[in-house]
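The values are calculated or read from the model by the stated rules, or taken from the named source; none is laboratory data. Not measured: the values here are computed from a predicted model. Here the Cβ is made from the backbone with ideal geometry for all residues, glycine too, and neighbour counts use every protein chain on show.
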Amino acid sequence: MSSIRADFPILARQHRGKNMVYLDSAATTQKPKAVIEAVSDYYLQHNANVHRAAHKLADEATAMLEGARSLAQEFINAPCSQEIVFTRGTTEAINLVANVLHSLVNQDDEILITVLEHHSNIVPWQMLAQRTGAKLVAVNVDSQGNLDLADFHSKLGPRTKIFACSHVSNALGTVNPITQMVSDAANNSTITVVDGAQAALHETIDVQAIGCDFYAFSGHKMYAPTGIGVLFGKLSLLDSLPPWQGGGEMIEHVTLQHSTYQKPPYKFEAGTPNIAGAVGLGAAIKYLGEIPRKQLIQQENELLHRTVNRLQQLPGIRLVGEPTRRSAVISFLLEGSHPHDIGTLLDQQGVAVRTGHHCAMPLMEFLGIPGTIRASFSLYNNDDDTNRLIAAVEKAATFL
Ligand SMILES: Cc1ncc(COP(=O)(O)O)c(C=O)c1O
């Protein structure tokens, strides 16, 4: 882990005379030099618009964009690169799906989500339900933060047109049994959409093994720049669904009255794409391929469990969610204090965590709390970070 820390220049930053402890990677990860340099090299050496012009720089930029698409395809084991649509991130990917599925949904249908979802996997479905008259239904969680599978099976029925579910919860760290749920939903002829924002870095993603129709993730949560993400969609669906946004790049032929569209993925990529972002995503994927990722994930899980155990031993700490399988996230409360106050006291000690509802207000309402303190880990965190977190929480408790 010490060698991978050296790859992330920002981790050497000092704050109040000490190294900063970054435990907010679920919000966004820090970036390795390899990604920063790839983006810089793109702008220094290759910058041009893609696909259209007949000149060297445009050819290079196009090859770099399409190279990143192929890397993303391999990263999630998608059968072909036409199934990789570049988006701004998970939010845009899910909005894209919710918009293009409009034509398949009617007022007798149900859209099944879960109480665990991030707002990005709730609000687009609410909007689709409002437009079509379909009913939005949500699977409950139990007190540990696991999805209630009996509730899932009782709610998955003949009317369920779409099932949209996170792979990993950003608020509690729950790893959902996504392959099983997707398989049950697919057997019910339900279209499946997986929000992989928190899974892409910490799990091995294999969309063919999961069997989902759509899988979305964000580059910035896996060491790539902000503003780039991926929507995987099965080619048969992408082929048959209408485009979402209209404009340049997505058309084949345009008259004043009518247009024909490109094949996927371009049909869903109107306008100039985030080329530098895609190059950065490709560099992040390459970087992940070069480090001993599986071993680091294993070490991260061990660190996570050591941290959970130590937090549990502190007086007044209440863990929020104790899921059967946890990934990278610990949510907790300190009795008698507001999460924001603790967040501020930790920040004063150079420990960066996130506090609040974590864009999961329905989950917080279900749990009967306004929010939590969330420490989230990445492959570069180590025992020193945990020691600093524990010491900072202990100190914060003495102030309250
Ligand atoms: C589970 C989950 N889904 C979706 C999102 C939205 O991702 P983005 O803001 O990159 O679009 C997040 C971001 O925190 C998330 O954690």
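Assorted remarks:
- Residue ID - farthest from the chain's Cα centre (by Cα), chosen from residues in segment 153-174 that are among the aliphatic types (A, V, I, L, M) and away from the ligand (no atom under 12 Å from the Cβ): 156
- Of all residues in segment 349-377, those being surrounded by fewer than 23 Cβ atoms within 10 Å (Cβ to Cβ) and not charged (D, E, K, R) number 16.
- Some residue of segment 218-234 being out of contact with any strand residue (DSSP E or B) (no Cβ under 6 Å at 6 or more places or on another chain) and either acidic (Asp, Glu) or more than 16 Å from the ligand (Cβ to nearest atom) (or both): yes
- The set of residues in segment 248-268 being loosely packed, with under 12 Cβ neighbours inside 10 Å and either in contact with a helix residue (DSSP H, G or I) (Cβ under 8 Å, 6 or more places away or on another chain) or not β-branched (Val, Ile, Thr) (or both) consists of 252, 253, 256, 257, 258, 263.
- Number of positions in segment 305-347 that are assigned to a strand (DSSP E or B) and surrounded by fewer than 15 Cβ atoms within 10 Å (Cβ to Cβ): 1
- Filter pass, residue 337 being small (Gly, Ala, Ser) and within 21 Å of the chain's Cα centre (by Cα): no
- Subset tally (residues that are under 21 Å from residue 101 (Cβ atoms) and of a type in the set (Asp, Glu)) for segment 162-215: 3
- Within segment 134-151, the presence of at least one residue that is of a type in the set (Asp, Glu), more than 19 Å from residue 171 (Cα to Cα), surrounded by 15 or more Cβ atoms within 10 Å (Cβ to Cβ) and free of Cβ contacts under 8 Å to residues at least 40 places away in the same chain is confirmed.
- The condition of being in the same structural domain as residue 94 (by TED's automatic domain parsing) and within 16 Å of the ligand (Cβ to nearest atom) holds for only one of 150, 134, 199, that being 199.
- Unique match (being outside the structural domain of residue 156 (by TED's automatic domain parsing), in contact (Cβ under 8 Å) with a residue 24 or more places away in the chain and of a type in the set (Val, Ile, Thr)) among 29, 114, 91: 29
- Of all residues in segment 49-68, none are farther than 23 Å from residue 185 by Cα and either within 16 Å of the ligand (Cβ to nearest atom) or in contact with a Cys (Cβ under 8 Å, 6 or more places away or on another chain) (or both).
- Segment 250-301: number of residues that are assigned to a strand (DSSP E or B) and in contact with a strand residue (DSSP E or B) (Cβ under 7 Å, 6 or more places away or on another chain): 6
- Only one of the listed residues (360, 375) is within 25 Å of residue 14 (Cβ to Cβ) and in contact (Cβ under 8 Å) with a residue 24 or more places away in the chain. That residue is 375.
- Looking only at residues in segment 383-400 that are over 14 Å from residue 332 (Cβ atoms) and surrounded by fewer than 18 Cβ atoms within 10 Å (Cβ to Cβ), the one that is modelled with the lowest pLDDT is 400.
- Residue pairs meeting the criteria (Cβ under 6 Å; at least 6 apart or on separate chains; first at pLDDT 95 or above, in segment 71-88; second among the basic types (Lys, Arg)): 81/69; 84/69
- Members of segment 313-372 found to be more than 18 Å from residue 170 (Cα to Cα) and touching a His at 6+ places or on another chain (Cβ under 6 Å), listed by number: 350
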